[in-house]
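Laboratory data are not the source of any read-out in this text; all were calculated from the coordinates shown. Because the structure is predicted, anything quoted here is derived from the model rather than measured. Every residue, glycine as well, gets a Cβ built from its backbone with ideal geometry; the counts of neighbours run over all protein chains shown.
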Amino acid sequence: MKIVTTIEELRDQLRGQLRTAFVPTMGNLHEGHLSLMRLAARHGDPVVASIFVNRLQFGPTEDFDQYPRTFDADCEKLSKEGVYVLFAPNERELYPEPQEFRVSPPHDLGDILEGEFRPGFFVGVTTVVLKLFSCVQPRAAVFGKKDYQQLMIVRNMCRQFALPTEIVAAETVRAADGLALSSRNGYLTPAERSEAPMLYQTLEAIRRHMAAGESDLAALEAQARQELIARGWHPDYIAIRRRGDLKLPTPTDLGQHVPLLVLAAARLGATRLIDNLEI
Ligand code: PAF
C-alpha cells in the first residue's frame, strides 16, 4: 500500500484511474471500516482510503483532541485489505488556509436529529467530503449505514452537485451482543460496555412493537426514552422516520407501509453513541 500525504502525490498515484473506489475515514479502524473497504473493492479498482480527523465537523466542546489516533495499526489493517493508496493529509495540507467556502446542507435534512444536537456537524462533514472527492475523484465511495443521516446527506449532495460519484451504502457491523461498532466505543468503561447494547435492544423493541401493529409512534419513542433514562442513559433523540427523507411518517405513510427506520443518539457516561435500525 502506498501512503501519500499530499494532494499532488495522490493525484500522481491515481492519474488515469477511472474506476477508483474510495472510503473516507477518520482512522482508528475497526471491523466496520474494513467491511467498507471490502465493499469498495466490489465497486471499483483501485481502492483508496483516507484517514483525516476533520476538525470542521467537531463542535467546540466535542472530542477532537481526544479522538483516538492509531495510524500505524490502521495502516497494517488497510494494507492487509489490499487498499492501493492511503491518503493521510495533515491539517495544513487539506486546509492550508481557513476553509471559508463550505457546503451547507438543507435545513430540513442537516439541522435535524444529529444536526440539531451537533450544530455545524454536517457542514463540516459535507465540506471535507466534497474536498476529499475533489482530491480522489472517485467513481464510487462507500459510507456506512450506521451514520445513516450522513449517508443520505452525502448522497443528496452528490446528486445536487452532479458529482460523478456513486454513493454505496454499507450495512452496520455489530459486535456479537448487538452493539454497533464505533471508534467511540473505546471510550466506554467496562460497566458501560456491558450496558451499551441496550441502545440496539431498544431499537429492536420498537421494531417488534411496530411489526405487531403498534402505530402510535410518539408513544413508542417516549416509552423507549423513558426506559433508557431509567437505566442511566441521557438520550438526545429516539425518532421513527421515513427512510427516504428522514421526515416524520404520516398516517398515510403508515397505511402504505412506506419504509421507515428508527434512529437514536444517547449518552452513556461521557460517551455519546448513535445507532439506527430499518423497520
Ligand atoms: O464518518 C466519518 O468517519 C466521517 O464523518 C467522514 C465521512 C470520514 C468525514 O470526515
Discussion item. What does the net charge come to around Leu10 if you take all other residues with beta carbon closer than 14 Å to its beta carbon, with K and R at +1 and D and E at -1?
Written reply: 0
Fill in: Difference of contour (0.36 nm per residue) and Cα-Cα distance, Asp108 to Ser134
6.8 nm
Discussion item. Which one, Asp147, Asp245, Asp65, has the greatest fluctuation when you compute a Gaussian network model over the chain with C-alpha springs under 10 angstrom?
Written reply: Asp65
Practice prompt. When a/c is below 1.5 the answer is rounded, else prolate if a/b is larger than b/c, else oblate, so apply that to the stretch 162-235 with a ≥ b ≥ c taken from the square roots of the Cα gyration tensor eigenvalues.
Written response: oblate
Worksheet item: What 222 nm value per residue comes from the helices of the chain, counting each DSSP H run with n ≥ 4 as -39,500 (n - 2.57) and dividing by all residues, nearest 500 deg cm²/dmol?
Response: -11000 deg cm²/dmol
Discussion item. Less than 23 Å apart at the alpha-carbon level, and either on another chain or at least 8 residues along: which lysines does that give for Lys131?
Written reply: Lys2, Lys145, Lys146
Worksheet item: If you count the DSSP beta bridges with both ends in the chain, what percent of them are antiparallel, to the nearest 5?
Response: 50 percent
Discussion item. Under a crude label model (7 Å from the Cα following the beta-carbon direction), how far is Arg42 from Arg55 in nanometres?
Written reply: 3.9 nm
Worksheet item: Say the dipole of the chain comes from +1 at the beta carbon of Lys and Arg and -1 at that of Asp and Glu; which of Pro259, Gly16, Leu29 then lies farthest toward its positive end?
Response: Gly16
Worksheet, complete the sentence: In whole angstrom, the spacing between the Cα centers of the stretch 150-225 and the stretch 86-133 equals 21 Å
Discussion item. Please report the spacing between the Cα centers of the stretch 235-257 and the stretch 1-72 in Å, no decimals.
Written reply: 32 Å
Worksheet item: By its C-alpha gyration tensor, with a ≥ b ≥ c as the square roots of the eigenvalues, how is the chain shaped: rounded for a/c under 1.5, else prolate for a/b larger than b/c, else oblate?
Response: prolate
Worksheet, complete the sentence: Per the C-alpha gyration tensor (a ≥ b ≥ c, the square roots of its eigenvalues), the stretch 131-279 is rounded if a/c is under 1.5, else prolate if a/b beats b/c, else oblate; here it's oblate
Response to the item:
Partner aspartates and glutamates whose C-alpha sits under 20 Å from that of Lys77, ignoring same-chain residues fewer than 8 away, are Glu31, Asp45, Glu171
Worksheet item: Mind checking the angle between helix 31-41 and the chain's longest principal axis? C-alpha axes, 0 to 90 degrees, to the nearest 10.
Response: 60 degrees
Worksheet item: Which whole-number percent gives the relative contact order of the chain, counting Cα pairs below 8 Å spaced six or more residues apart?
Response: 18 percent
Worksheet item: When the convex hull of the Cα atoms of the stretch 55-175 is projected onto a plane and the area is averaged over all directions, what value comes out in nm²?
Response: 8.8 nm²
Fill in: Taking the stretch 107-177 and dividing mean pair separation by its residue count, relative contact order in percent (alpha carbons under 8 Å, at least six apart)
32 percent
Discussion item. Could you work out the relative contact order of the stretch 151-247? I mean the mean sequence separation of Cα pairs under 8 Å and 6+ apart, divided by the number of residues, in percent.
Written reply: 17 percent
